[in-house]
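Everything on this sheet refers to the single structure shown next.
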Amino acid sequence: MLLLGLALAIAEEWVIQQTSISPLVGSGVHAYSRVWGVNWVYFLWALGYWSVWVVQIPVQLTELVFPARREQLWLRKRGLVIVSSAFVLGACTAWYGWTQRARVKIFHMLPYSPPSSYLLIGIGAILLLVCAPYVLPSRRSRDELPASRSAPPPWLVGLILFALGLPWAAFILLGWGPGAVPNIPFGPVLAGALAWAAFTFLLARRWTSSPDWGDAHRYATVLGGMLACMLGGFIVFKVTGAERIDWIVKSILNAATIAGLISLGHTIKRRA
């Protein structure tokens, strides 16, 4: 799922809307971390955001809401055709709406067409990531795992993942313009972000491989990740000077989401 999430990130941010390889809105050609025609900080943020918050967390949440369907395919052949067609239509709409209309008409930026070689690199990376799960070795079953490998209490899992996710949720600020810390070279920023992501991945992989990992831990993962994303969004609003209506609508939607998560938490507790 993580590899497929990375493939989706490249499809969206590199091939479709091309935000990782075209000059970012409001940043100009010589933006912070833009080298060889790639917005490296923004691209790295997008890989983490799409693979975790757009794919992994929603899938975990859906399986918690519908536990009886967890081991079943979500789509049969007809559903796969319908969803794939909708994805292609949405991708074409997103490409045209952003690259041809919004960038030029709303943000008054010059039209930009990335090199064909860059698009081919992105498509090749997507194909490799989609095929990779079929050749990688499968994880061992829980019965084969050492009994000494135990996961922390669910509340601690949620707290740690919230603390690890919050900086990443606000990491996008460094990708726009000169960034919030323009005096820091982007090389150390990229290295630190990669180390942060690797540590989080290895930690989560160790926990989820534990024999005692259960729905309470999955719920804590979803809750910690979503709260980090919510708070990170408010930080971005504060720094970028969002409109009042943005604050109001986001507050309403976040409050409704938190209420739903609390209700789901009670359901999981009763189920356990």
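Odds and ends about this structure:
- Helical content of the chain, expressed as a calculated mean residue ellipticity at 222 nm, amounts to -19500 deg cm²/dmol (DSSP H runs of 4 or more residues, -39,500 (n - 2.57) each, divided by residue number, nearest 500).
- Counting other Cβ atoms within 10 Å as a rough exposure proxy, the listed residues Phe107, Phe162 run Phe107, Phe162 from fewest neighbours to most.
- Label zone (Leu194, point 7 Å along Cα-to-C-beta; backbone nitrogen cut-off 18 Å) within segment 43-59: 43-49.
- Put a dot 7 Å past the Cα of Lys77, heading toward its Cβ, do the same for Asp246, and the two dots end up 4.7 nm apart.
- If the chain linking Val88 and Arg270 were pulled fully straight, counting 0.36 nm for each residue of separation and taking away their Cα-Cα distance, it would gain 61.4 nm.
- Solution diffusion estimate, µm²/s, Stokes-Einstein, segment 23-135, Kirkwood Rh from C-alpha pairs, 10 °C, viscosity 1.306 mPa s: 91
- FRET efficiency for the pair Ser209 and Ala255, taken as 1/(1 + (r/R0)^6) with r the Cβ-Cβ distance and R0 = 35 Å, rounds to 0.50.
- Gain on full stretching of the segment that runs from Leu136 to Ile184 - 0.36 nm per residue minus C-alpha separation: 13.5 nm
Laboratory data are not the source of any read-out in this text; all were calculated from the coordinates shown. Since the model is a prediction, treat every value here as computed from it, not as a measurement. Neighbour counts are summed over all protein chains in view; Cβ atoms, including those assigned to glycine, are modelled from backbone coordinates with ideal geometry.
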